[in-house]
1. Quick one: how many Å² of HIS51 are accessible to a 1.4 Å probe, rounded to 10?
2. Using a Förster radius of 35 Å, what is the FRET efficiency between SER54 and MET1 based on their Cβ-Cβ separation? Nearest 0.05, please.
3. Can you give the accessible area of GLU33 in Å² (nearest 10), computed on protein heavy atoms with a 1.4 Å probe?
4. Can you give the helix-only mean residue ellipticity at 222 nm for the chain, where every DSSP H stretch with n ≥ 4 adds -39500 (n - 2.57) and the sum goes over all residues, rounded to the nearest 500 deg cm²/dmol?
5. Could you tell me which label, among (1) 17.0, 57; (2) 22.3, 71; (3) 16.8, 50, carries the value of Rg and Dmax of the Cα atoms in Å calculated for this structure?
6. Could you list which residues have their amide H under 5 Å from that of ALA45, counting only those 5 or more apart in sequence or on another chain, with H placed in the peptide plane?
7. Using +1 on the beta carbon of Lys and Arg, -1 on that of Asp and Glu, and nothing else charged, what's the dipole of the chain about the Cα centre, debye to 20?
8. Among ALA60, ALA45, ALA14, whose mean-square fluctuation peaks in a Gaussian network model of the chain (Cα, cutoff 10 Å)?
Amino acid sequence: MTQPSVPESVSRDAVVDFCKSLGLDPSDVQGLEFSPYGLYVTFFALNATGHKISDGRDAATHRSFVQFGEEASDDDRAAPE
């Protein structure tokens, strides 16, 4: 069994740009996990003033699932007349 080749490293800038392209604030994202049907995003839990909440050892987190949607066709992307 072989494993697909993977890069030796990924730049932080590439990950930040990816988060931003999804509309996510990179500083709120603790982790990303792909599945066949969508993307799991683990966010840092924030209090009402926007500060990270501790779980006693580390920053508390919560996990959300973002389902993959259908790709827009070229016709859907065309500028309105």
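The values are calculated or read from the model by the stated rules, or taken from the named source; none is laboratory data. Everything numeric in this text was worked out from a predicted model, so none of it was measured. Methodologically, a virtual Cβ is constructed for each residue, glycine included, from the backbone with ideal geometry; neighbour enumeration extends over all protein chains shown. What goes into the accessible areas is simple: the full protein's heavy atoms, side chains included, and nothing from ligands, DNA or RNA. Shrake-Rupley method; radii C 1.70, N 1.55, O 1.52, S 1.80 Å.
1. For HIS51, solvent-accessible area is about 110 Å².
2. 0.25
3. Ignoring ligands and nucleic acids, GLU33 comes out at about 90 Å².
4. -4500 deg cm²/dmol
5. Evaluating Rg and Dmax of the Cα atoms in Å on these atoms matches (1).
6. It is ILE53, ALA60, THR61, HIS62, by chain and number.
7. 560 debye
8. In this elastic network of the chain, the residue with the biggest mean-square fluctuation among ALA60, ALA45, ALA14 is ALA14.
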